[in-house]
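Notes to accompany the following structure.
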Amino acid sequence: MPKPNLTRPQRRIVMLFAIPLVMFGFGYLMVPIYNVFCDLTGLNGKTGSISVSQAHEFEIDAQRLVKVEFLSVLNQQAPWKFAPLLRSMMVNPGQPYTTHYIAVNQLGREMVGQAIPSVAPAKAAAYFKKTECFCFSQQKFEANESKQMPLTFVIDPALPDDINTVSLSYTFFDVNNRIN
């Protein structure tokens, strides 16, 4: 089949539509590509999730203690209180642990929040595994409601020996504010 010969103005029109279409496609695919990249490399402090049975398959390193620090940040100056029950704990890699964060909706109306985790140092993120976390889904709060939200995690015993402290930080967003 012979190639159609396009005139210069026709090529410009094709490019006028093709370039934005390619740019949109690239922008649309960036989020999934970025998430896969972060999951594979542990960059951006994203943590992994595993099943409860997988968490119990680790061999506990009773000779090593790692300090886990729990931090909280409120975003958008939302009318929340949000904090960990414990500021830190000493853990043995391979042993599952549970702690809680507390959130209080201080507004007189229903709100929905979402927690986004981050781990520092970044290379520790690949070794910080959660079996249960309030960050896995949005949290609905009635007016003036408070909740204790669980976090169950295990640190992979393969955590490099030069990492003795892992900081887990959650930023709590007001999802209602982002949607409206």
**Request:** Collect the residues in the range 142-164 that are of a type in the set (S, T, N, Q) and within 15 Å of residue 97 (Cβ to Cβ), keeping them in residue-number order.
**Result:** 152
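Name the residue, out of 98, 171, that is of a type in the set (S, T, N, Q) and more than 13 Å from the chain's Cα centre (by Cα). Can you show your working first?
Working: 171 fails: more than 13 Å from the chain's Cα centre (by Cα).
Of the residues listed, the single one that is of a type in the set (S, T, N, Q) and more than 13 Å from the chain's Cα centre (by Cα) is 98.
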**Asked** Which of (1) at pLDDT 65 or above; (2) under 30 Å from residue 90 (Cβ atoms) is the odd one out, the single condition residue 10 does not satisfy?
**Response** (2)
**Item:** Residue match in the range 157-168 (condition: surrounded by 14 or more Cβ atoms within 10 Å (Cβ to Cβ) and either on the phi > 0 side of the Ramachandran plot or small (Gly, Ala, Ser) (or both))
**Value:** yes
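Inspect the range 116-134 for any residue being of a type in the set (Lys, Arg) and within 14 Å of residue 68 (Cβ to Cβ) and give the result as yes or no.
Narrowing the range 116-134 to residues of a type in the set (Lys, Arg): 123, 129-130.
From what's left, within 14 Å of residue 68 (Cβ to Cβ): 129-130.
Checking the range 116-134: at least one residue is of a type in the set (Lys, Arg) and within 14 Å of residue 68 (Cβ to Cβ).
The values are calculated or read from the model by the stated rules, or taken from the named source; none is laboratory data. Because the structure is predicted, anything quoted here is derived from the model rather than measured. Every residue, glycine among them, receives a Cβ derived from its backbone with ideal geometry; neighbour counts consider all protein chains shown.
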